[in-house]
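Quick notes on the structure that follows.
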Amino acid sequence: MKSIPISEIIERLHQETGLSPEMIQDQIKAKVHTLDGLVSEEGAAYIIASELGVQLLKPQSKTRKIGELENGDLGIDAAGKVTRIYSVRTFPRKDGSVGEVASIVISDQTGTARVVFWDKKTQSIKDGKITEGDIIRIKDANVRQNNFGGKEIHLNARSFIAVNPKGLDIKASGRITNKKIISQIIPGENVSVVGTIVKAYPPRFYYACKTCNKKVALTPDGAFCKEHNKTEVEQNMLVSIVLDDGTETIRCVAFRNTAENVCGFTAKEGYEILTKDGENILSARLDEFLLGRQVECIGGAKENKNVAQTEIMLNSVDLNPNPKNIASKLLVEKNG
């Protein structure tokens with residue numbers, strides 16, 4: 001029979017029942033005492049787990065690569081290197097209670113996936129037990145596809161995460177972001193910058209190929225893509241903002257779903273406002289939503305040769321950044 005270290009048993013029981021590690025240890029000691037020392041602490045831990053309805057031993061599963069995961073997979077065992085951590089958010093449930101959700105991005109040599117933490121599972125994010133660059137192994141989680149076709153690993157009550165387990169070395173396909181102040185950004189880097197939005201340009205709308213998301217040419221005969229010839233299209237949006245962190249300002253450009261996140265409305269909603277109310281009303285709504293807001297921008301820095309300045313092509317924007325990330329930015333400024 002596979003033996004699980006007692007420390008891991010206690011952590012599993014803590015994660016799945018919400019009992020504190022101290023309470024679990026007390027129950028284990030009490031069980032050893034009740035059975036007159038006929039069982040070890042490890043044996044007592046198994047008994048306590050059974051009494052609490054927690055199944056510790058399951059059929060051994062192979063750790064799968066991220067690229068092998070498919071939508072609908074259940075009870076998967078996967079591993080990856082943490083390349084991004086998002087802050088914990090709250091949301092209202094239909095019954096009036098408040099739920100919590102957080103997520104991280106992990107990567108290996110075969111791909112990238114978002115890992116979603118719900119309610120009690122978010123505690124490890126709150127406590128800072130998982131940091132960028134850590135290697136994590138996830139046991140007994142489910143795979144879903146998000147609205148943009150990406151892969152998500154959702155933790156459930158039975159899921160367990162081991163941080164930096166011995167003997168597991170993973171090289172990430174995704175780049176780990178470098179926390180920077182704007183004055184230190186160099187083109188070619190993947191950066192994370194915290195700053196205040198001081199300007200927002202009106203969104204621009206365009207039609208893109210549904211297959212490759214590249215801009216298409218619209219003709220009386222239909223939409224044509226350079227790569228896929230005549231194609232089906234979807235309306236997309238791009239938006240530019242100017243970020244100021246006290247050291248300099250930088251222009252940040254967002255496309256598609258990232259642009260929708262920045263603006264707080266979808267491309268379809270934005271275009272309807274534009275056609276119905278005009279660009280001034282659209283700009284006013286965007287300014288009200290964004291100006292003066294402190295955000296964390298993540299993306300690739302590149303040189304715009306047309307204007308001879310560095311810009312960030314955004315991968316994501318956190319409109320409510322974790323205070324820890326803001327503190328990290330202040331430390332970078334102080335040490336810079």
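The values are calculated or read from the model by the stated rules, or taken from the named source; none is laboratory data. As the structure is a prediction and not an experimental result, all values here were calculated from the model. All Cβ positions, glycine included, derive from the backbone under ideal geometry; neighbour counts span all protein chains shown.
Please go through (1) modelled with pLDDT of 80 or more; (2) out of contact with any Cys (no Cβ under 9 Å at 6 or more places or on another chain); (3) exposed (fewer than 14 other Cβ atoms within 10 Å of the Cβ) for Thr266 and return the number of the only condition it doesn't satisfy.
(3)
Taking the options Thr112, Thr131, Thr122, Thr196, name whichever one is assigned by TED's automatic domain parsing to the domain that holds Ala259 and either of a type in the set (Val, Ile, Thr) or at pLDDT 90 or above (or both).
On inspection, the qualifying residue turns out to be Thr196.
Here is a list of conditions, (1) surrounded by fewer than 16 Cβ atoms within 10 Å (Cβ to Cβ); (2) in the same structural domain as Val253 (by TED's automatic domain parsing); (3) of a type in the set (D, E, K, R), and Glu189 meets all of them except one; can you say which number that is?
(1)
Between a residue in region 30-54 that is in the same structural domain as His14 (by TED's automatic domain parsing) and outside any helix (DSSP H, G or I) and any residue that is at pLDDT 85 or above and of a type in the set (Phe, Trp, Tyr), which pairs come within a Cβ distance under 6 Å, given they are 6 or more apart or on different chains?
Going by the 6 Å Cβ cut-off, there are no qualifying pairs.
What residue, among those in region 70-92 that are closer than 26 Å to Val317 by Cβ and charged (D, E, K, R), is surrounded by the fewest Cβ atoms within 10 Å (Cβ to Cβ)?
Arg89
Can you tell me which residues in region 58-69 are modelled with pLDDT of 60 or more and assigned to a loop (DSSP other than H, G, I, E, B)?
Listed by number, the residues that qualify are Lys62, Thr63, Lys65, Leu69.
Just to confirm my filter: which helices (runs of 4 or more DSSP H) fall fully inside region 246-295 and include at least 3 residues that are among the basic types (Lys, Arg) and out of contact with any strand residue (DSSP E or B) (no Cβ under 6 Å at 6 or more places or on another chain)?
In region 246-295, no matching helices (runs of 4 or more DSSP H) lie anywhere.
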